[in-house]
1. Give the residues of segment 361-384 that are in contact (Cβ under 8 Å) with a residue 24 or more places away in the chain, at negative phi and assigned to a loop (DSSP other than H, G, I, E, B), sorted by residue number.
2. When residue 199 is evaluated against the numbered criteria (1) within 13 Å of residue 123 (Cβ to Cβ); (2) in contact (Cβ under 8 Å) with a residue 60 or more places away in the chain, which criterion, by number, is the only one it fails?
3. For segment 330-348, indicate whether the set of residues that are in the same structural domain as residue 217 (by TED's automatic domain parsing), within 13 Å of the ligand (Cβ to nearest atom) and either touching a Ser or Thr at 6+ places or on another chain (Cβ under 9 Å) or part of a strand (DSSP E or B) (or both) is non-empty.
4. Just the residues that are among the charged types (D, E, K, R) and part of a helix (DSSP H, G or I), please, taken from segment 172-191.
5. With the structure loaded, tell me whether residue 305 is modelled with pLDDT under 95, more than 30 Å from residue 3 (Cβ to Cβ) and within 13 Å of the ligand (Cβ to nearest atom) or whether it fails that test.
6. Return the pair list, or none, for Cβ contacts closer than 8 Å from residues in segment 331-350 that are in contact (Cβ under 8 Å) with a residue 24 or more places away in the chain to residues that are within 8 Å of the ligand (Cβ to nearest atom) and hydroxyl-bearing (Ser, Thr, Tyr), at least 6 apart or on different chains.
Amino acid sequence: MIFDGKKIVLAISGGIAAYKSCELLRELRRKGANVRVMMTPGAREFVAPLTFAALSEHPVLTDAFALSENAEIEHIKWARWAEVIVVCPATANTIARIAHGFADEPVSVTIRAARVPIVICPAMNSAMWEDRLVQRNVTLLREAGYRIVEPEQGPLATSSEGEGWGRLARLEWVLSALLAALQGEQPLKGKKILITAGRTEEYFDPVRMLTNPSSGKMGFALSEAAVALGAEKVVLVHGPTNLPAPYKVQRVPVVSAADMYKAAMAHYEGTDILVMSAAVSDYRPASVSSEKIKKLPGKLTLELESTEDILYALGQRKTKAIHVGFAVETFDEIENARSKLRRKNLDFIVVNNPRDTGAGFGTDTNQVAILDAKGNIEKLPLLSKLEVALQILKRIL
Ligand code: CTP
């Protein structure tokens, strides 16, 4: 699990979004983390500490002057225990207190005593978020090395306010920011990564097409992993999918192989690492009917033509970039993958057999082998797609 054994302090301040921290806590625990919760006095007006104590299976820190059974000062103990502290939600008041060095309630005093990454997730109404002093405090925090998960635009808590900036960032983005904070070194710092993901769709009339079951999960996980490892720019060219937008990733949605070819070519300039995980259709209908094809008695034959081989074409353009291909093989996996690695001028190829348990299309897990141009093979165990993605990028580096 992605947060296995990680020690996370969840700091909650007093805003309406405090109820969302219950879900964040549950998700972190589901993903293997050990979580301890501390709350400002304001937070306790919104959700009772008992809720977080039950969900974290640990007492909640609500008193800056609390002593443990061994007469140790609790907040110092917690600051040393944590690998990361996440303030979620962070109100204007708590942001101000942290930014200006206050240390008189559990959250600010623990943060003062900590030497670990701090992730701040602001949530407030849009007038407060746009307030110049609040913005100045956020800038102060950012400059001091705190990681800010920007709030989103959307419906705000009270219906009279309608839509605006200030809504707590979606849970997936908070989790991504935490994953990044826990990576320690940032080996992709300053790098541009181009990733392709998902299936393509090749229409032969306005309502019908040829495609495959690829969900895009592997490529989306790769983009999240690239952000977590500190990449400066991550461009994700992807086919049709329902997956939510990953944190800090530039998405380029496309439909057909031809669209994907154009988008990949257009975004290739300056790429340091290309990861082509898309399941690109090898064929498309040779002609497209402008009207729906009507049913007639007897057989219907579709004539197909080849699509562009995007990875091969980029391999011809390659100068400094590292190219990583994917291969889905149902037989002779290693041999087939090796020949693709050579033919497409790749540095690495990641191969999987969709018939292996947990490795098929649309699953949340994958079991892959990574082959390099020197002939090395490394087989990874069955892991979540995000863990596979992190392993692949770390191996490349
Ligand atoms: N690929 C591509 N453009 C295509 C087809 C595939 O860029 N038109 C890329 C895939 O994204 C993948 C790699 O090439 O990274 C291998 O894809 P795969 O479908 O396994 O290989 P093919 O060359 O299509 O060979 P085959 O279908 O015969 O196995």
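1. Selection gives 361, 363, 364, 368, 373, 382.
2. Of (1) within 13 Å of residue 123 (Cβ to Cβ); (2) in contact (Cβ under 8 Å) with a residue 60 or more places away in the chain, only one is false for residue 199: (1).
3. Yes, segment 330-348 has at least one match.
4. Hit for segment 172-191 is 172, nothing else.
5. When the stated conditions are applied, residue 305 does not pass them.
6. So the pair list comes out as 343/312; 344/312; 345/312; 350/277.
Okay, residues lined up against (1) in contact with a Phe, Trp or Tyr (Cβ under 6 Å, 6 or more places away or on another chain); (2) in a loop (DSSP other than H, G, I, E, B):
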position	(1), (2)
212	no, yes
222	no, no
241	no, yes
247	yes, yes
269	no, yes
274	no, no
287	no, yes
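One line per residue, one yes/no per condition, for (1) within 30 Å of residue 242 (Cα to Cα); (2) touching a Ser or Thr at 6+ places or on another chain (Cβ under 7 Å):
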position	(1), (2)
138	no, no
141	no, no
145	no, no
154	yes, no
157	yes, no
164	yes, yes
171	yes, no
192	yes, yes
195	yes, yes
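The values are calculated or read from the model by the stated rules, or taken from the named source; none is laboratory data. The structure presented is a predicted model; accordingly, all values stated were derived computationally and were not measured. All Cβ positions, even for glycine, are placed from backbone atoms using ideal geometry, and neighbour counts span all protein chains on display. All accessible areas refer to the heavy atoms of the entire protein, side chains included, with ligands and DNA or RNA removed. Shrake-Rupley method; radii C 1.70, N 1.55, O 1.52, S 1.80 Å.
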